[in-house]
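Inspection log for the structure reproduced underneath, given as structure tokens.
The values are calculated or read from the model by the stated rules, or taken from the named source; none is laboratory data. Computed from a predicted model, the values in this text were never measured in an experiment. For neighbour counting, all protein chains shown are included, and Cβ atoms are generated from backbone atoms with ideal geometry for every residue, glycine included.
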Amino acid sequence: MALADGTAVKARPPGIGLGVAAGVGAAVAVFVGVYGKAHDPASETTIKWFFKTTLHFKAWMTTAALILAIAQLLGALWMYGKLPGRAPSWVGPAHRISGSLALLVSLPVAYHCLWSLGFNPDPGGSRRLIHSILGCVFYGAFATKVLTVRSKRAPSWALPVVGGLLFALLVLIWLTSSLWFFDNIGVEV
Amino acid sequence: MLRRIAMIVETLVLAAVIVTVVLMFTNSPTAPPAAPAAVAAAAPGVDSAGLYGDRCAGCHGGDGSGGIGPKLNGGRVVAQFPNTADQVAVVTDGRRGMPAFGARLTADEIAAIVEYTRAVLAAG
């Protein structure tokens, strides 16, 4: 391809933005997993605020992240014209804020998971292994989504696909942690 | 206005991510209390505190204050199992949500953990 003055321009494939974002996301996921596996688990409680134990705190913070993610999903559907009516101008910034807050409430949960418990192969079952893998992939997908939002070269389908994947991962994380906790320990604070 | 708030929130969350990563690498766990002579004598050469930290603390808490698993410290475990052999049986065979450790730990290691919970954590 060449400009009118004859300058040659090398065309870039439209998906390169997504490729870079996915690569960075994969690196984040691997980093989280390697840390969880290599780090010697402290086996200590961390934050619990007014909750009975750190695990109660984690179960409710993950639930809060899920609620914020549902708000994210609804906001995204509205902005993409999948809900009735035109999305007002505040939906975009509100979508950004709810996404940031979802990440924020997940941080102390991830910190306890990684620092105190570590990547758990769970020899007695599969729940903790699946949860560990999902947790690593979640932060990788989050990094991919943030970079995809910022990328001008990512294809138009990339953002809803990565956002949907991120939402699905959080639902699975909630199912393998908070729901299990509420089911086995009880819905208590 | 809302866009400005979104930018501020994103900046604060980015700072929180950085703080979390730094803490992951710099925060050192509290050293477990040394096992008293009675525990060491129960299973010489076995690191009972280390075993408890590796195998039990994830559910029962590093100080035995409970979590997914019940509280063990403050004499709770001795009150629930006046007979040590009953506690050894639970650790060996498991029950309800508690996994069986009979195939994963030696008899000496199980004995050391049981003594650790009864002697060291009892003071907690």
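Values for this structure:
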item: Verdict on A:VAL137 being surrounded by 19 or more Cβ atoms within 10 Å (Cβ to Cβ) and either among the β-branched types (Val, Ile, Thr) or in contact with a strand residue (DSSP E or B) (Cβ under 7 Å, 6 or more places away or on another chain) (or both); result: yes
item: Tally of residues being surrounded by 15 or more Cβ atoms within 10 Å (Cβ to Cβ) and part of a helix (DSSP H, G or I) across segment A:140-159; result: 12
item: Residue satisfying condition, being more than 20 Å from the chain's Cα centre (by Cα), aliphatic (A, V, I, L, M), more than 11 Å from chain B (Cβ to nearest Cβ) and over 30 Å from B:ASN27 (Cα atoms), within set A:ALA87, A:ALA76; result: A:ALA87
item: Criterion (within 14 Å of the chain's Cα centre (by Cα), modelled with pLDDT under 80 and in a helix (DSSP H, G or I)) met by exactly one of B:GLY53, B:GLY62; result: B:GLY53
item: Options A:VAL105, A:VAL30, A:VAL137: the member that is in contact (Cβ under 8 Å) with a residue 40 or more places away in the chain, part of a helix (DSSP H, G or I) and within 11 Å of chain B (Cβ to nearest Cβ); result: A:VAL105
item: Exclusive hit being more than 12 Å from every other protein chain (Cβ to nearest Cβ) and touching a residue at least 60 places away in the same chain (Cβ under 8 Å), set A:LEU114, A:LEU170; result: A:LEU170
item: The listed residue being under 19 Å from A:SER116 (Cβ atoms), surrounded by 12 or more Cβ atoms within 10 Å (Cβ to Cβ), modelled with pLDDT of 85 or more and over 17 Å from the mean Cα position of the chain (by Cα), out of B:LEU14, B:LEU23, B:LEU72; result: B:LEU23
